[in-house]
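Enquirer: First the structure, which I've put down as structure tokens, then a few questions once you've had a look.
The values are calculated or read from the model by the stated rules, or taken from the named source; none is laboratory data. Bear in mind that the values here come from a model prediction, so they are computed numbers and not experimental data. Ideal geometry is used to build each Cβ from the backbone, glycine not excepted, and the neighbour counts take in all protein chains shown.
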Amino acid sequence: MTASTEGVVTPAPRGLPAEVARRRTFAVISHPDAGKSTLTEALALHARMISEAGAIHGKAGRKSTVSDWMEMEKARGISVSSTALQFNYRTAGSDIDNVINLVDTPGHSDFSEDTYRVLTAVDAAVMLIDAAKGLEPQTLKLFQVCRHRGIPVITVINKWDRPGRAPLELLDEISERIGLTPTPLFLPVGIAGDFRGLLRRGPEGAAVEYIHFTRTAGGATIAPEESIDPESAEAREGEAWTTAAEESELLSATGQDHDQEMFLAGQTSPVIYASAMLNFGVRQLLETLVALAPAPGSRADIGGTPRDTTDPFSAVVFKVQAGMDAAHRDRLAFMRIVSGEFERGMVVTHAQTGRPFATKYALTVFGRERSTVDTAYPGDVVGLVNATALAPGHTLFVDKKVEFPPIPSFAPEHFAALRAQSAGKYKQFRKAIDQLDSEGVVQVLRNDARGDASPVLAAVGPMQFEVVTARMLAEFNVETHMEHLPYTLARRTDAESMAELDRQRGVEVFTRSDGVLLALFSDKWRLQYIEKEHPELTLQPLVATAD
Ligand SMILES: Nc1nc2c(ncn2[C@@H]2O[C@H](COP(=O)(O)OP(=O)(O)OP(=O)(O)O)[C@@H](O)[C@H]2O)c(=O)[nH]1
Ligand SMILES: [Mg+2]
């Protein structure tokens, strides 16, 4: 990819296959708070995209990370939306700049639909585990999504600078609870809370190198590294070293050594111990991503036929985001390029409507910053400006027609009616609802009884409502009133079933903005009762769920 901002990404080398080969596109996933945004920032720091990481770490007083740019994210120190970053990284001794496309995802389950969409657009995932907490529920769920989609996973055991569990115990938990064999590439020297460095594991678990790290003030800058041979490491670190070396041999005895094929098949996961906050192990992660994570490959279309990276241009839209730039209020549709070369200005076809779409404004983003993209290749994440017709799951292509499988929307479990506090704000309110709907922040449902002034929002989790309220105010200057509705369940229905459903207690029928008819039920007993009394009614479960 060539970007106009100096130093962002280097110019193209030799043709499409070389461009594809030097790209890595991955998501950072985990339970809330494991350190995804901090790690994202540490990666950007190592790639010298930023000169200093959020100086004072620790939620309260900490500067927000590059990827957490929304007001709500800064105020609470959590990510509520995924953020893409692109940067170059050259590994030691190489003369090729790798192009890294990274997507930091929100950990909170209320935003898991966003994370899920991101996972449809990447080639690998970095799964973070908190050294003290081990595998947490949301990490487990996201891992299942990776497994289902065949996405290889690299595991980072983070926060090793704080007291936590024993290194092998954490690995056992991974293999026992998710059936993934962890194969550490590095083991920590020093227990959790006394992180001195990393032991690099060689063939058959032999300790080949000790990488000693030195802390920098607040972890704001890259931690200096020293490479030490195993003998000197033992002399220097004593038991901390010998323990790590013994553990490495133990792991080999149980077959926990890296195997590229098994990693790509999703059976094993390379593991790195790290401290995102201190920038320990971050360079090792980047090197691992470049060395082991797959380059972009072909993707099956809706009929199962693969679109190869060397085919004519095609891309999938996986995210729509507005309000990134308060001055412009524009709307960006993020696409991941699947095949071919993209050139700004190119006219592509929008598969869902068959209409041409001119890509005059194409951007690469870095958190909130953006720069114009002139050329991009498979694996790249590119933002298209004001592409109003585009929604998550849509396909763009040139020449050879292709349509990629749609991204299923999650089954909502929380419902609330929303209206503007002041009737005079109705116009802005309407506009804001359409905007947030098209981004997929929530689903928007309407029916005649409630009218247009009070649509019903449907969400996977209640924090999505908070995002709506906050953005209504911040971006559209509309104060809103929200009334939570006593429904917990939605089923897809049809026009024939509507009359009978309207007669039932504890049920309300709506039209979702994509035209789908949804019946909402107060609880599953109500649903079961109606299904039993009226077997003729269409009541289909919505396919994807957050679980
Ligand atoms: N001690 C220590 N703290 C860390 C480390 N990494 C992150 N933290 C802290 O953990 C907290 C959460 O970090 P974030 O990076 O915001 O976590 P996240 O996974 O992005 O959280 P969500 O996006 O909300 O899911 C912050 O207070 C960080 O400073 C680490 O390696 N060591
Ligand atoms: Mg985050």
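Enquirer: List, please: which pairs have Cβ atoms under 7 Å, are six or more places apart or on different chains, and start with a residue in segment 67-84 that is closer than 20 Å to Arg370 by Cα and modelled with pLDDT under 75 and end with one that is near ligand 1 (Cβ under 8 Å from one of its atoms) and assigned to a strand (DSSP E or B)?
Expert: Ser67/Asp104
Enquirer: Also: Filter segment 445-484 for residues that are in a helix (DSSP H, G or I) and either assigned by TED's automatic domain parsing to the domain that holds Ser109 or in contact with a His (Cβ under 8 Å, 6 or more places away or on another chain) (or both); which is modelled with the highest pLDDT?
Expert: Phe465
Enquirer: Name the residues in segment 339-369 that are within 18 Å of Ala121 (Cβ to Cβ) and among the aliphatic types (A, V, I, L, M), would you?
Expert: Scanning segment 339-369 gives Val348, Ala351, Ala362, Leu363, Val365.
Enquirer: Then there's this: Only helices (runs of 4 or more DSSP H) wholly contained in segment 217-314 count here; list those with 1 or more residues that are at pLDDT 95 or above and over 23 Å from Met127 (Cβ atoms).
Expert: It comes to 230-237, 239-253.
Enquirer: Identify the residue in segment 9-22 that is touching a strand residue (DSSP E or B) at 6+ places or on another chain (Cβ under 6 Å) and either at pLDDT 95 or above or under 16 Å from Glu369 (Cα atoms) (or both) and, among all such residues, is surrounded by the fewest Cβ atoms within 10 Å (Cβ to Cβ).
Expert: Restricting to residues being touching a strand residue (DSSP E or B) at 6+ places or on another chain (Cβ under 6 Å) and either at pLDDT 95 or above or under 16 Å from Glu369 (Cα atoms) (or both), the top hit is Val9.
Enquirer: Within segment 206-227, can you find the residues that are polar (S, T, N, Q) and under 14 Å from Asn279 (Cα atoms)?
Expert: Thr214, Thr216, Thr221
Enquirer: Look through Thr221, Thr216 and report the one residue that is touching a residue at least 12 places away in the same chain (Cβ under 8 Å), in contact with an Asp or Glu (Cβ under 9 Å, 6 or more places away or on another chain) and surrounded by fewer than 21 Cβ atoms within 10 Å (Cβ to Cβ).
Expert: Thr221 is the lone residue from the list that is touching a residue at least 12 places away in the same chain (Cβ under 8 Å), in contact with an Asp or Glu (Cβ under 9 Å, 6 or more places away or on another chain) and surrounded by fewer than 21 Cβ atoms within 10 Å (Cβ to Cβ).
Enquirer: Could you list all residues from segment 234-278 that are hydrophobic (A, V, I, L, M, F, W, C) and under 27 Å from Glu41 (Cα atoms)?
Expert: Selection gives Phe263, Leu264, Val271, Ile272, Ala274, Ala276, Met277, Leu278.
Enquirer: Still on this model: Could you pull out the residue among Val385, Val365, Val348 that is out of contact with any helix residue (DSSP H, G or I) (no Cβ under 8 Å at 6 or more places or on another chain), modelled with pLDDT of 95 or more and over 17 Å from Pro296 (Cβ atoms)?
Expert: Answer to the selection: Val348.
Enquirer: Within the group Ala432, Ala453, which residue is under 17 Å from Ala322 (Cβ atoms) and either surrounded by fewer than 17 Cβ atoms within 10 Å (Cβ to Cβ) or of a type in the set (Gly, Ala, Ser) (or both)?
Expert: Ala432
Enquirer: May I ask you to verify whether Thr25 is assigned to a helix (DSSP H, G or I) and either away from ligand 1 (no atom under 12 Å from the Cβ) or modelled with pLDDT under 95 (or both)?
Expert: Against the criterion (assigned to a helix (DSSP H, G or I) and either away from ligand 1 (no atom under 12 Å from the Cβ) or modelled with pLDDT under 95 (or both)), Thr25 does not qualify.
Enquirer: Of everything in segment 64-79, what is among the aliphatic types (A, V, I, L, M) and within 8 Å of ligand 1 (Cβ to nearest atom)? Give them in sequence order. Show your work before the answer.
Expert: So the first thing to find is which residues in segment 64-79 are among the aliphatic types (A, V, I, L, M), and the list is 66, 70, 72, 75, 78.
Listed by number, the list holds a single entry, Ile78.
Enquirer: Residue check: is Ile129 within 16 Å of ligand 2 (Cβ to nearest atom), within 23 Å of the chain's Cα centre (by Cα) and not assigned by TED's automatic domain parsing to the domain that holds Val316?
Expert: yes
Enquirer: Another question about this same structure. I need the full set of residues from segment 80-131 which are among the hydrophobic types (A, V, I, L, M, F, W, C), over 25 Å from Leu187 (Cα atoms), in contact with a Lys or Arg (Cβ under 7 Å, 6 or more places away or on another chain) and within 12 Å of ligand 1 (Cβ to nearest atom), in order please.
Expert: Within segment 80-131, none qualify.
Enquirer: Something else now. Among the listed residues Lys400, Lys425, Lys360, identify the single one that is basic (Lys, Arg) and closer than 15 Å to Met472 by Cα.
Expert: Details: Lys400 fails: closer than 15 Å to Met472 by Cα; Lys360 fails: closer than 15 Å to Met472 by Cα.
Answer to the check: Lys425.
Enquirer: Here is a further query. Here are some conditions: (1) away from ligand 2 (no atom under 16 Å from the Cβ); (2) surrounded by fewer than 24 Cβ atoms within 10 Å (Cβ to Cβ). Trp160 meets all but one. Which one does it not meet?
Expert: Of the numbered conditions (1) away from ligand 2 (no atom under 16 Å from the Cβ); (2) surrounded by fewer than 24 Cβ atoms within 10 Å (Cβ to Cβ), the odd one out for Trp160 is (2).
Enquirer: Any residue that is within 16 Å of ligand 2 (Cβ to nearest atom), modelled with pLDDT under 75 and buried (at least 22 other Cβ atoms within 10 Å of the Cβ) - is there at least one of those in segment 37-53?
Expert: There is at least one residue in segment 37-53 that is within 16 Å of ligand 2 (Cβ to nearest atom), modelled with pLDDT under 75 and buried (at least 22 other Cβ atoms within 10 Å of the Cβ).
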